[in-house]
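Readers should treat all values here as calculations from the given coordinates under stated rules, not as data from a laboratory. Everything quoted here is computed from the prediction, not taken from an experiment. Every residue, glycine among them, receives a Cβ derived from its backbone with ideal geometry; neighbour counts consider all protein chains shown.
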Amino acid sequence: MDFSKKVDFSDKLFVQEVDGEMVLLDMESENYFGLDATASDIWRLLQEGKTLNETVEALLEIYDVDAETLRKDLSNFISELQEQGLATLR
């Protein structure tokens with residue numbers, strides 16, 4: 001995955017924060033997705049327009065995790081969003 005890219009989220013998503021965590025509703029399929037606290041932090045950073053690299057750097061300041069593990073987890077998260085048609089890389 002190219003970590004210099006940014007993520008564009010689908011305009012078919014309705015997103016709401018509930019108790020510090022994000023809930024996503026795909027308006028087309030009517031599927032709900034709940035993001036835990038960590039995934040919610042990732043979502044917020046990407047929504048700010050940060051690249052994947054910038055997101056990794058910001059998360060390394062928040063969480064006690066090595067960069068390689070974080071990159072792998074972020075890549076998996078983005079891939080899952082792409083598979084659901086909820087995000088694209090640019």
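Rounded to the nearest 0.05, the FRET efficiency derived from the C-beta distance between GLN84 and ALA37 at R0 = 22 Å is 0.60. With all projection directions averaged, the alpha carbon convex hull of the chain covers 5.5 nm².
Net charge near PHE14: determine it from the other residues with C-beta under 13 Å of the C-beta of PHE14, scoring Lys and Arg +1 and Asp and Glu -1. Its environment carries a net charge of -4. Taking packing as the residue-averaged number of other Cβ atoms within 10 angstrom, the listed peptides 77-87, 63-73 run from highest to lowest as 77-87, 63-73. Ignoring aspartates and glutamates fewer than eight residues from LYS12 along the same chain, the ones with Cα atoms less than 19 angstrom from its Cα are ASP26, GLU28, GLU30, GLU48, GLU80, GLU83.
Working note: Karplus 6.51/-1.76/1.60 with θ = phi - 60° gives the range 15-29 the couplings 10, 9, 8, 10, 6, x, 10, 9, 10, 10, 10, 7, 5, 7, 8 Hz, where Gly and Pro are set to x.
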